[in-house]
Amino acid sequence: MTCEEFLESSAAYALGVLDPGESAACVRHLGQPGPHRGCPQAVTDAQAVAASLAGTLPARPPPPQLWRAIEARLGEIPRDPGARRRVWRELAGWFVAAAVIGFYLYSVPLDGRRRAVALEGSPSVVKDAMGLMTEPGTRLVVFVPRRPGAGRATVILNAAERRAVVLCDRAPPAAAGRLRLWTARDGRPPIALESFALSEDGLAWAQVGSALFAPRLPDRLLISADDPGAPTPSDLLLIAELR
Amino acid sequence: LVGPADRDRDRALLGRVARGDVRALRTLYQEHAPRAMAIAVRVLRDPQEAEDIVQETFLELWRRAGQYDGARGGAVGWIVTIARSRAIDRLRSAGAAGRALEGASETHVPLTLPSPSDCLEQRRDQARVADAMAMLPAEQRQTIELAYFEGLSQSEIAARTGNPLGTVKMRVKLAMGKLAAFLRPEDAN
């Protein structure tokens, strides 16, 4: 894509209305070393115009209790980078343990005492992962990296339970510090699911509920670097074939 | 609609948020949550789900305040962009995309005049953007509304309106260009 071609699409790109292939081409173009002919600035300007469109709506004050709900949750979000690293290191141990123990629980008959020991003290997502491992019908699908250094990931899913857990490791740093899950069905644009935090160590995990299975299991599950507002995966890292 | 003074103030507030200042976050919330709520309600058409989106938006702001780039616009633009993005994500992930795709024409919300309860500055901005939208030819305005408020892609807009994809692309480009020219700060003209 040339700068001229990009500038033709820059407004649509900023508005988030491009189809997946076009959007990916724009991302690749912006990622190319310069010189550009004002491409990044064109996106910035168009994004500002897009954001101003919300100004056509009458302001709508949220109910008073909403701020209290937000304030109550602020403590859940680590602020101190040092503390954050420590938490991630601790969780990293559980991540590895979960993968190993999860596989073990999946492949051999359960011993109640061993399972209790494995679950003790683990974070909720790991508990969920290990719990899923013991459910009939649970599948484990390994993601395929789209490029070198894209990391690795596994999804543990159970369609009957309509639950899944995605575990990532060695993911590359993402600009927004988060990854995003997408579902894809043949012939249709990907649909964004939730984003989830990425540690400085490249670890991430997500618990996925019914959204993944509605209306039915998708053909593929994608993981990209999170790019809020992007209608399609702008930096696709991993793909899991679910069918 | 965001001047250099506003950006400086936003940068200072978000800098404080990045250092963990809850009062600064509350200031941003008080000023911009009504805009986030408005766009979330508009996209989702469900006030309760919209409240969840506003909550997610400000928690994300709390987490990512250190990444704010003042050169890319004011905080309100950033907040609105996050809220819209999250709302569209939810619309699609909840399987409600079909509802939006099929039902938007029945629930289409036209441009509104400013509310008397809004502050003067907000009303001025609101009227200015509404004026800019009103100046667009009807088909360009509809295209932008379907894109921005319904979260439809150009292909989906083409399918919805029965217009060729190339026509939709041209309308998006022309409309965004006109809006940019109209909304450019006076001192830039």
Inset, instruction - Using a cut-off of 15 Å between beta-carbons, work out the net charge of the residues near B:ILE53 (Lys and Arg +1, Asp and Glu -1, B:ILE53 not included). - result: +1
Inset, instruction - Could you work out the mean count of beta carbons from other protein chains within 10 Å of each residue's beta carbon in B:75-82? - result: 4
Legend entry - Neighbourhood charge, 13 Å Cβ-Cβ cut-off, centred on A:GLU71 and excluding it, Lys, Arg +1 and Asp, Glu -1: +2
Inset, instruction - Order these peptides, B:34-40, A:174-180, by their mean beta-carbon neighbour count within 10 angstrom, highest first. - result: B:34-40, A:174-180
Legend entry - Approximate spin-label separation A:GLU76-B:ASP8, in nm, with each point projected 7 Å along Cα-to-Cβ: 3.8
Legend entry - Average beta-carbon neighbours from other chains, 10 Å sphere, peptide B:144-151: 4
Legend entry - Shielding by partners - mean other protein chain Cβ count within 10 Å, residues of B:28-41: 4
Legend entry - Net charge over other residues, Cβ less than 12 angstrom from the Cβ of B:ALA180 (K, R count +1; D, E count -1): +2
Legend entry - Segments A:221-230, A:37-46, A:24-33 sorted - mean Cβ within 10 Å per residue, highest first: A:221-230, A:37-46, A:24-33
Inset, instruction - Would you mind checking which residues have amide H under 5 Å from A:VAL208's amide H? H placed 1.01 Å from N; only 5 or more apart, or other chain. - result: A:ALA164, A:VAL165, A:VAL166
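Each reported figure results from applying straightforward, stated rules to the coordinates on display, with no laboratory input. What you are looking at is a predicted structure, and each value in this text was computed from that prediction instead of being measured. Virtual Cβ from ideal backbone geometry, glycine too; neighbours counted across all protein chains shown.
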